[in-house]
Structure formats: C-alpha cells, structure tokens
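Here's the structure we're looking at; comments come further down.
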Ligand SMILES: *Cc1c(COP(=O)(O)O)cnc(C)c1O
C-alpha cells in the first residue's frame with residue numbers, strides 16, 4: 001500500500017521560528033508614524049504590543065527560539081499532518097502529485113492558534129492582563145480566546161457584524177473559551193460610533209473592527225492589542241508549518257515545485273511558503289502561488305504604497321499592496337480573506353517577483369472545495385477553498401501539458417463552522433462578486449493618507 005499521511009513526532013517540532021528577513025534580497029521599508037511620517041520606533045508600538053513581539057517585528061536574525069511553554073502548548077495539536085491527496089489526483093486524472101498540509105487539526109480548526117499561543121505567552125510574560133482583537137469570520141477570535149485562556153489572560157473580541165450574524169457558532173465557541181465578544185461596529189468605541197452615525201446598518205469590516213480593538217487597547221493600562229495576520233511577527237510564528245512540511249516532504253521522498261496558499265493578510269501562505277522560499281533564494285526552482293478572492297483582489301489589483309491598516313486611521317502606515325483602508329469588500333463567505341491590505345513581507349516578495357498571485361471568484365472556489373470534500377473527505381474552510389482551487393487549476397494545467405508537477409498547498413482550516421455557506425452554495429444561492437477595474441480605480445483614487 002502506498003503511503004498517504006506523512007506524520008512527525010512531537011520531538012520533531014521545530015524549536016525555532018524562521019525569520020525570512022534574514023534572507024530577503026530587499027527588506028520592506030519600515031512602518032511610518034501617521035503623525036510625523038517618520039519611521040516608528042519600539043516606543044511608538046509599546047502601548048499596543050509587548051516588547052518581545054516588537055523586537056521580533058524588527059529582527060533580522062534568521063532563527064528565533066520558540067519558548068518551551070509555547071512549544072508545549074503547540075504540542076496540543078502539532079505537528080500537523082501532511083497528506084497526499086491521491087483520491088483528488090485520481091478524480092482530476094492528472095499526472096500531478098498533490099500534497100496538502102492540514103492545519104485544521106488545531107483546537108479551533110485553523111492555523112491561527114500558531115501565533116495566538118505565542119502572542120498570549122509574551123503578553124503574559126510582560127504582565128499584561130487583557131487582550132483586545134478583531135475577528136472576521138471568527139477563526140482568529142476563537143483562536144485568541146483559546147490561547148488567552150491557556151495563559152490566564154482576559155480577551156475581548158470585536159467581530160465584524162455581518163459574520164457575527166452569519167456565524168453564531170463561532171460566537172458560541174469564543175464564549176465557550178470564556179472571552180467577551182461584541183459585533184463591530186459597536187457603540188462602545190469612538191471609531192464604532194462614528195461609523196454607525198454615517199451608516200446605522202454598516203455590515204462592518206476588518207478595518208473597522210481593528211480600529212475599535214486598537215482604540216480600547218490604547219485607552220487602557222492593563223490591555224494590549226493582538227493581530228492575527230499581516231505583521232512580521234505573526235508571519236514568523238506561522239513558519240512552524242513550512243518547517244514541518246519540509247521534513248514531511250522528505251519523508252515522502254518528494255519536493256514541491258509549486259507551493260500554494262490563500263491570502264487574507266498573508267499569514268498561512270507565509271507560514272508554509274517562507275521556509276521553502278529560503279530554499280528558492282538559495283537556488284532551488286520553486287513556484288509560489290498566492291490565491292485571493294476576486295471580490296477583494298489586494299495583490300492582483302491593489303497598489304503598492306503606504307496605507308493605514310484600519311479604517312479609523314489609528315495604526316501606523318505600512319507599505320503594502322492595498323485597495324485603500326476605506327474599502328469595504330462584498331460580503332462573500334471567505335470572511336478571513338476580506339482585508340483591504342496584505343502583509344508587507346508578502347507584498348515585498350510579490351514586488352520582487354519571488355512569488356506570484358492570482359484571484360478567483362467565489363463560485364469556482366466552492367466548486368473546488370466541494371470536489372475536495374467528495375474525494376478527500378475534509379470540508380475546507382471557504383478561505384482554504386481558494387488554495388484548493390489554485391492547486392486544482394495547476395493540476396489541470398499539468399494534465400493539459402502532459403507534465404508531472406509536485407504541488408504542495410496549505411489547507412489552512414476546515415469549514416465545519418461554515419456549513420451555512422455550503423448550504424447556500426449547494427442551493428445555488430451564492431453569487432460571484434468581481435471587483436471591476438473601474439471600482440478598483442475609484443477605491444485607489446479615494447485613498448488618502450498624511451503622506452499624500
Ligand atoms: C484567517 C484565515 C485565513 C486568512 O488569513 P491569512 O493571514 O492570510 O492566513 C485563511 N484561512 C483560514 C482557515 C483562516 O482562518
């Protein structure tokens with residue numbers, strides 16, 4: 001019998017994080033202070049983050065040790081499996097080999113606890129009592145709720161209102177872990193009230209929810225803020241995924257020539273891709289594909305420039321591909337991919353041609369996600385469905401060209417809290433939203449920062 005799952009022991013857990021900043025041909029330019037337009041220093045970030053995370057944010061050391069307490073918490077679900085999708089290959093009748101790294105085995109069903117655990121740990125080490133955060137589809141909120149509970153911190157989650165209404169079970173999960181949760185925009189912050197005054201029926205957005213969580217953290221001595229994607233230290237914490245996958249591909253006696261991930265802020269893509277990008281930078285020929293929704297095409301249609309991370313213009317300005325911090329994406333089901341910007345590190349890699357990006361519409365990604373469920377059994381998160389679709393497209397192309405290819409993609413999470421999206425898809429109720437070039441042009445034209 002041919003092997004399907006490639007598993008590691010707990011003793012194979014990586015003991016350091018891989019910091020791609022050490023190997024990049026070009027570092028992304030530094031974040032800027034929105035008031036002065038000058039690069040921000042550690043002190044500017046201190047109201048938001050513990051110092052150890054700020055140091056990781058700017059570190060250029062190639063490897064950063066994972067604290068033993070963090071490793072112990074990660075060992076609740078790591079190492080995660082690497083699986084050869086043989087039944088999917090057969091269904092596609094493709095000469096390509098398809099492997100996926102499955103992050104859905106974590107307690108909250110996605111890759112997000114990989115950084116939530118590390119962030120909760122460093123905050124507790126520095127005496128922080130409470131964390132605030134935002135969540136889109138609820139994956140991040142439930143991951144931080146879980147991680148703060150492990151380390152004895154309180155947690156308050158601002159959840160994008162449309163998702164709060166669409167995903168009651170994520171809310172229940174967050175409350176089960178003992179965190180507090182509010183729909184955003186809320187009336188408890190200035191940022192939320194300002195939005196509600198203009199639009200009482202605002203569906204919310206990640207940008208708005210970030211503004212609310214940041215405002216509360218800055219206003220309270222005992223509270224800091226935690227972000228589930230985009231920042232360098234978040235991408236760093238996710239590199240356990242790719243480091244494990246490198247060992248597992250070796251167990252499989254194989255090596256990928258294409259690595260695929262979906263991109264919201266960029267953390268699960270980075271987590272799988274960065275350790276393989278180190279190989280590429282040192283000479284290996286590997287193709288990297290970042291997949292995003294056509295309704296929020298940050299990497300494929302956005303502009304590379306300095307922009308705010310949030311709607312209320314409270315965060316530092318970072319240089320990234322962006323559709324503009326005022327952009328409110330259509331309410332597609334892949335809530336975790338509805339962010340106007342993307343990680344500065346991922347943006348830099350795209351600018352330098354080390355990775356490429358592709359946008360797909362909602363219906364195609366669900367079609368692929370359903371094919372995946374019917375062959376491999378796991379129902380992908382709608383976000384992960386984008387990576388599944390990217391991998392399937394490459395496998396189909398391999399068939400057309402009669403070439404073998406070895407594809408590795410990140411199945412960043414399962415979709416068992418997203419079944420209403422599948423119900424809607426199967427009933428034919430989902431529609432495609434593609435942001436037209438004219439709409440993109442309008443968004444970009446409206447974007448204003450203090451640098452303009
Ligand atoms: C949050 C989320 C994403 C998107 O976020 P990234 O930071 O780009 O990884 C993708 N997949 C799942 C399952 C998520 O929960």
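In region 196-223, what count of residues is obtained for those that are touching a helix residue (DSSP H, G or I) at 6+ places or on another chain (Cβ under 9 Å), surrounded by fewer than 24 Cβ atoms within 10 Å (Cβ to Cβ) and not in a loop (DSSP other than H, G, I, E, B)?
The number of residues fulfilling the criteria is 2.
Do we find a residue being in contact with a helix residue (DSSP H, G or I) (Cβ under 9 Å, 6 or more places away or on another chain), more than 15 Å from the ligand (Cβ to nearest atom) and assigned to a helix (DSSP H, G or I) anywhere in region 290-311?
Yes, there is a match, as at least one residue in region 290-311 is in contact with a helix residue (DSSP H, G or I) (Cβ under 9 Å, 6 or more places away or on another chain), more than 15 Å from the ligand (Cβ to nearest atom) and assigned to a helix (DSSP H, G or I).
Being within 16 Å of the ligand (Cβ to nearest atom), touching a residue at least 12 places away in the same chain (Cβ under 8 Å) and not assigned by TED's automatic domain parsing to the domain that holds residue 410 narrows it down to one of 156, 129, 101, 167, so name that one.
That would be 167, the only listed residue that is within 16 Å of the ligand (Cβ to nearest atom), touching a residue at least 12 places away in the same chain (Cβ under 8 Å) and not assigned by TED's automatic domain parsing to the domain that holds residue 410.
Can you pull out every residue in region 367-389 that is more than 29 Å from residue 304 (Cβ to Cβ) and buried (at least 24 other Cβ atoms within 10 Å of the Cβ)?
369, 372, 380 - these are the residues of region 367-389 that are more than 29 Å from residue 304 (Cβ to Cβ) and buried (at least 24 other Cβ atoms within 10 Å of the Cβ).
Please determine, by comparing only the residues of region 138-195 that are in a loop (DSSP other than H, G, I, E, B) and closer than 15 Å to residue 110 by Cβ, which one is modelled with the lowest pLDDT.
Across region 138-195, the extreme among qualifying residues is 167.
Could you please let me know if residue 365 is out of contact with any strand residue (DSSP E or B) (no Cβ under 7 Å at 6 or more places or on another chain), part of a helix (DSSP H, G or I) and within 16 Å of the ligand (Cβ to nearest atom)?
The answer is yes for residue 365.
Away from the ligand (no atom under 16 Å from the Cβ), in the same structural domain as residue 330 (by TED's automatic domain parsing) and at pLDDT 95 or above - does that describe any residue in region 377-388?
Looking for residues that are away from the ligand (no atom under 16 Å from the Cβ), in the same structural domain as residue 330 (by TED's automatic domain parsing) and at pLDDT 95 or above, one finds at least one in region 377-388, hence yes.
Does residue 141 satisfy being assigned by TED's automatic domain parsing to the domain that holds residue 400 and within 16 Å of the ligand (Cβ to nearest atom)?
no
Is it the case, given these coordinates, that residue 228 is within 20 Å of residue 137 (Cβ to Cβ), within 16 Å of the ligand (Cβ to nearest atom) and not in a helix (DSSP H, G or I)?
Yes: the conditions hold for residue 228.
If we keep just the residues of region 399-414 that are touching a residue at least 40 places away in the same chain (Cβ under 8 Å) and surrounded by fewer than 22 Cβ atoms within 10 Å (Cβ to Cβ), which is farthest from the ligand (Cβ to nearest atom)?
402
Is there a residue being modelled with pLDDT of 95 or more and either within 16 Å of the ligand (Cβ to nearest atom) or not assigned by TED's automatic domain parsing to the domain that holds residue 324 (or both) anywhere in region 252-260?
Among the residues of region 252-260, at least one is modelled with pLDDT of 95 or more and either within 16 Å of the ligand (Cβ to nearest atom) or not assigned by TED's automatic domain parsing to the domain that holds residue 324 (or both), which makes the answer yes.
Would region 10-19 turn up any residue that is in a loop (DSSP other than H, G, I, E, B) and either within 21 Å of the chain's Cα centre (by Cα) or without any contact (Cβ under 8 Å) to a residue 12 or more places away in the chain (or both)?
Among the residues of region 10-19, at least one is in a loop (DSSP other than H, G, I, E, B) and either within 21 Å of the chain's Cα centre (by Cα) or without any contact (Cβ under 8 Å) to a residue 12 or more places away in the chain (or both), which makes the answer yes.
Please give the number of the condition residue 347 fails out of (1) farther than 30 Å from residue 4 by Cβ; (2) part of a strand (DSSP E or B); (3) within 13 Å of the ligand (Cβ to nearest atom).
Condition (2) is where residue 347 drops out.
The values are calculated or read from the model by the stated rules, or taken from the named source; none is laboratory data. What you see is a predicted model, and the numbers here were worked out from it, not measured in a lab. All Cβ positions, even for glycine, are placed from backbone atoms using ideal geometry, and neighbour counts span all protein chains on display.
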